[in-house]
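J.: Got a structure here, written out as structure tokens. Questions coming.
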Amino acid sequence: MAVKNPRAKRTAVSFPVPQSRDEANTAIRLIGTDQRELARIEADMNDEIAALREKYETTAQPLRDAITARIDGLQMWAEANRASLTRDGKVKSAQLPAGEISWRVTPPAVTVRGLDAVLTRLHVMGLDQFIRKKEEINKDAILETPPAHPVRQVEGITITQREEFAVVPFETELVEA
């Protein structure tokens, strides 16, 4: 039985490849033109989105205000009637025909104002157990070491560098007169 020759399959190139310096220059110019057109399209889109958002925000604001006013009024009524609604504190919520109202205590949270001053006070008072010390690798220091330094041989540390290709079409900005 004869063995078939396997065929190598590749996807055909689907992008134009310049064939000369002039064609490469034209490609860069067209990239710049397309980038500027894309920026114009995005600016137009953002203008339309901003106008739509403003229109709907303006329409929605009276409803937001009404909801806030109703919640505030409902809270005042609920606070005045809390004992009967919660059966003298035995439950934290009350069922009404249209929905539920409830009281919940949020978890405790710590807020720190003036971080440096608070850290200093904790150190002075000997309360170091309330200061978190974070260890992390100093990547900048590793990059500054010479290639033969032992830190570059540590398993798990890899220094990579790659070459990237970039196209930057020339652009000129208008100057205000």
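The values are calculated or read from the model by the stated rules, or taken from the named source; none is laboratory data. If you're wondering where the values come from, they're calculated on a predicted model, not measured in any experiment. Positions of Cβ are generated from backbone atoms using ideal geometry, with glycine treated the same way; all protein chains shown enter the neighbour counts. The protein model used for the area step is the full one, side chains on, heavy atoms only, and it has no ligands, DNA or RNA in it. Shrake-Rupley method; radii C 1.70, N 1.55, O 1.52, S 1.80 Å.
J.: Over segment 118-173, average the accessible area per residue using a 1.4 Å probe and give it in Å², no decimals.
T.: 105 Å²
J.: Using a Gaussian network model of the chain whose springs link C-alpha atoms within less than 10 Å, name the residue from Gly114, Gly73, Gly32 with the highest mean-square fluctuation.
T.: The residue with the greatest mean-square fluctuation here is Gly114.
J.: Would you mind calculating the gained length between Glu135 and Gln19 on full extension (0.36 nm times residue separation, minus the Cα-Cα distance), in nm to one decimal?
T.: 36.4 nm
J.: Quick one: order Leu52, Leu85 from most to least accessible surface, probe 1.4 Å.
T.: Sorted by accessible area, descending: Leu52, Leu85.
J.: Still on this model: Would you kindly compute the Cα radius of gyration of segment 21-94 and its largest Cα-Cα separation (Dmax), both in Å?
T.: Every Cα atom of segment 21-94 included, Rg and Dmax give 28.4, 87 Å.
J.: For segment 115-127, take each phi angle, set θ = phi - 60°, evaluate the Karplus expression 6.51 cos²θ - 1.76 cosθ + 1.60, and give the result in whole Hz per residue in order, putting x for glycine and proline.
T.: Whole-Hz 3J(HN,Hα) from phi for segment 115-127: 3, 4, 5, 5, 4, 4, 4, 5, 4, 4, 7, x, 9.
J.: Report the accessible area of Asp128, computed with a 1.4 Å probe over the heavy atoms of all protein chains in place, in Å² rounded to the nearest 10.
T.: Counting only protein heavy atoms, Asp128 exposes about 70 Å² to solvent.
J.: Let me know the Rg and Dmax you get for the chain when you use only its Cα atoms, in Å.
T.: Calculated on Cα positions, Rg and Dmax stand at 33.5, 95 Å.
J.: Relative to the longest principal axis of the chain, what angle (0 to 90°, nearest 10) does the C-alpha long axis of helix 21-80 take?
T.: Rounded to the nearest ten degrees, it is 10.
J.: A further question follows. Quick check: Cα centre of segment 137-177 to Cα centre of segment 102-129, how many Å?
T.: 39 Å
J.: Taking 0.36 nm per residue of sequence separation and subtracting the Cα-Cα distance, how much length would be gained by fully extending the chain between Lys92 and Val118, in nm to one decimal?
T.: Additional length available on full extension: 5.7 nm.
J.: Rounded to a whole number, what % of the accessible area of segment 122-177 do carbon and sulfur atoms account for, probe 1.4 Å?
T.: Here it works out to 54 percent.
J.: Taking the Cα centre of segment 83-153 as origin, work out the dipole magnitude from +1 charges on Lys and Arg Cβ and -1 charges on Asp and Glu Cβ, in debye rounded to 20.
T.: Here segment 83-153 has a charge dipole of around 320 debye.
J.: Can I ask one more? Stretched out fully, how many nm does the piece from Arg162 to Leu63 gain, at 0.36 nm a residue minus the Cα gap?
T.: Taking 0.36 nm per residue and subtracting the Cα distance, the gain is 30.1 nm.
J.: Within the chain, what's the longest run with no trypsin sites (Lys or Arg not before Pro) in a DSSP loop and at most 16 other beta-carbon atoms within 10 Å? Give the range, please.
T.: Maximal segment without exposed cleavage sites: 11-86.
J.: Just how large is the dipole of segment 26-177 about the Cα centre, in debye to the nearest 20, putting +1 at every Lys and Arg Cβ and -1 at every Asp and Glu Cβ?
T.: Around 1240 debye, computed over segment 26-177.
J.: Answer with one residue from Val105, Leu174, Pro147: the one whose Cα lies farthest towards the positive end of the charge dipole of segment 93-174, charges on Cβ with Lys, Arg +1 and Asp, Glu -1.
T.: My answer, from the dipole projection, is Val105.
J.: Right, something else. Using a Gaussian network model of the chain with C-alpha springs under 10 Å, which one of Ile131, Ile41, Ile31 is most mobile by mean-square fluctuation?
T.: With Cα springs under 10 Å in the chain, the top fluctuation among Ile131, Ile41, Ile31 is at Ile131.
J.: Using a 1.4 Å probe, how large is the accessible area of Glu23, given in Å² and rounded to the nearest 10?
T.: 90 Å²
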